[in-house]
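S.K.: My structure is below; once you've seen it, I'll send some questions.
The values are calculated or read from the model by the stated rules, or taken from the named source; none is laboratory data. Remember, it's a predicted structure, so these values are computed and weren't measured experimentally. Every residue, glycine among them, receives a Cβ derived from its backbone with ideal geometry; neighbour counts consider all protein chains shown. Accessible surface areas use protein heavy atoms only, side chains included; no ligands, DNA or RNA. Shrake-Rupley method; radii C 1.70, N 1.55, O 1.52, S 1.80 Å.
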Amino acid sequence: MSKGKNKDKKRERAEAELLPDDAATAISANQTRDSDEAPGHTLDLPKDFSLSDPKLPKAIEDAAMRSGSYPYDKRMKREEYDEQLLALQIELMKLQKYNLKVGNRILCLYEGRDGSGKGSCIKAFNEHMNPRNTRTVALPKPTETERGQLYFQRYAVHLPTAGEVVLFDRSWYNRAGVERVMGFCTEDQLAVFLREAPEFEGLLVRDGIKLFKFYLTIGREMQLVRFHERAQDPLKQWKLSPVDMAALSRYDDYTHAEVEMFRFTHTAIAPWIVIRANDQRRARIETIRHVLLSIEYEGRDLDAIGSHDPRIIGSGPEFFHPHVAQPRS
């Protein structure tokens, strides 16, 4: 057998092992292919942008906060953020106490683009909650046994029991996002998922689980800023995987995937809640606030919780259908 054939077989084995549930560590075979072979539409990186360059181009930095039609020019002030977050976290303590008393099950899914701040939203949510009754689920690469199971099966075993709050840092929606964009699933597998996800979620809600599906969106320039920050900070470099790197040139592909995902899986029983997350402080506040406003519990202080910012959080067409770039000729 020739060296070329050996090389092709090695690549085939590597591709077979690449599953998007392990997006934090997997190596994308798509990176080694020509751009013409990549699925969907790609978006070239700015010519003066480089993750290895310590200096971020000023044009990108200046445009970051308002990118993606974000409604604010600046981040929420630290003093205001700390005050609101503390009040919300105190309310979360009340919710948890009541949750244990009545045996409610709360499930929050955090989805979104790479760099959108899913982890920081989860950290703000569970920072002071009792870890005995609050779990964060961020699944690693599936085992060989899990690969042969029903797709939702490996997630189902982590669902909350009575009195628990479970926060998924990415969930079964990997299939509609990373897997689809990076070519890790077939069109048939995607079609089956988009048909069955609403049925699966309907089963959960009808069984009494309080389900929240958060999708964090960020603008193109803001994503570049956050990736650059990760690349330059030795304490954050672990967050940059090859799949993340490949996502940089597929911003429009993810946008198309988002629109399709919302179209099929936004239902009355399990709606999507979109959070504009260019400002991570506002995103953290709104995700926590939404849960607190959605569940009645003893001692709930509506004044402390406050009201939603409709410019940041919503489920209307303006949130679900952002501008989608047309295919390039």
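S.K.: For region 114-120, take each phi angle, set θ = phi - 60°, evaluate the Karplus expression 6.51 cos²θ - 1.76 cosθ + 1.60, and give the result in whole Hz per residue in order, putting x for glycine and proline.
M.R.: For region 114-120, the Karplus-derived couplings read 4, x, 7, x, 4, x, 5 Hz, x marking Gly and Pro.
S.K.: Based on alpha-carbon positions alone, could you give the equivalent ellipsoid semi-axes of region 183-225 from the gyration tensor, as √(5λ), descending, whole Å?
M.R.: Semi-axes from the Cα gyration tensor: 28, 20, 6 Å.
S.K.: Moving on to the next point. What does the accessible area of Arg300 come to, in Å² to the nearest 10, when a probe of 1.4 Å is used?
M.R.: Here the residue's solvent-accessible area equals roughly 70 Å².
S.K.: Can you send over the solvent-accessible area of Lys236, 1.4 Å probe, protein chains only, in Å² to the nearest 10?
M.R.: Counting only protein heavy atoms, the figure is 60 Å².
S.K.: Additional query: Keeping the other protein chains in place, figure out the carbon and sulfur percent of the accessible area of region 167-316, with a 1.4 Å probe.
M.R.: Within region 167-316, the accessible surface is 49 percent carbon and sulfur.
S.K.: Same structure, new question: Note the full-extension length gain between Glu80 and Lys123 as 0.36 nm times their separation in residues minus their Cα-Cα distance, in nm to one decimal.
M.R.: 13.6 nm
S.K.: Across the Cα atoms of region 115-249, what radius of gyration and what greatest pairwise Cα-Cα distance (Dmax) are found, in Å?
M.R.: Answer for region 115-249, Rg first and Dmax second: 16.5, 46 Å.
S.K.: Hey, another quick one. Where the eigenvalues come from the Cα gyration tensor of region 100-156, what are the semi-axes √(5λ) of the equivalent ellipsoid, largest first, in whole Å? Mind dumping the intermediate values first?
M.R.: Values: eigenvalues 117, 67, 20 Å².
Output for region 100-156: semi-axes of 24, 18, 10 Å.
S.K.: Return the loop-located chymotrypsin sites (Phe, Trp or Tyr not before Pro) in region 120-213 (DSSP other than H, G, I, E, B) with at most 16 other Cβ atoms within 10 Å of their own Cβ; answer none if there are none.
M.R.: none
S.K.: Let me ask you something else. Answer rounded, prolate or oblate for region 43-178, using the Cα gyration tensor with square roots of eigenvalues a ≥ b ≥ c: rounded when a/c is under 1.5, else prolate when a/b is larger than b/c, else oblate.
M.R.: oblate
S.K.: Turning to a different aspect of this structure: How would Arg195, Arg154 rank on accessible area, largest to smallest, probe 1.4 Å?
M.R.: Arg195, Arg154
S.K.: Name the residues whose placed amide hydrogens come within less than 5 Å of the amide hydrogen of Trp272, ignoring near sequence neighbours (fewer than 5 apart) on the same chain.
M.R.: Placed amide hydrogens put Thr267 under 5 Å from Trp272.
S.K.: Which net charge results when you count Lys and Arg as +1 and Asp and Glu as -1 among the other residues whose beta-carbon is under 10 Å from that of Glu111?
M.R.: Neighbour charge sum, excluding Glu111 itself: +2.
S.K.: Sorted from largest to smallest, which semi-axis lengths in Å does the alpha carbon gyration tensor of region 251-305 give for its equivalent ellipsoid, taking the root of 5 times each eigenvalue? Let's see the in-between values first.
M.R.: On the way: eigenvalues 159, 55, 5 Å².
Here the semi-axes work out to 28, 17, 5 Å.
S.K.: If one computes P(r) from the Cα atoms of region 161-239, what percent of pairs lie at distances over 16 Å?
M.R.: Within region 161-239, distances greater than 16 Å cover 69 percent of Cα pairs.
S.K.: What does the accessible area of Lys77 come to, in Å² to the nearest 10, when a probe of 1.4 Å is used?
M.R.: Answer for Lys77: close to 140 Å² accessible.
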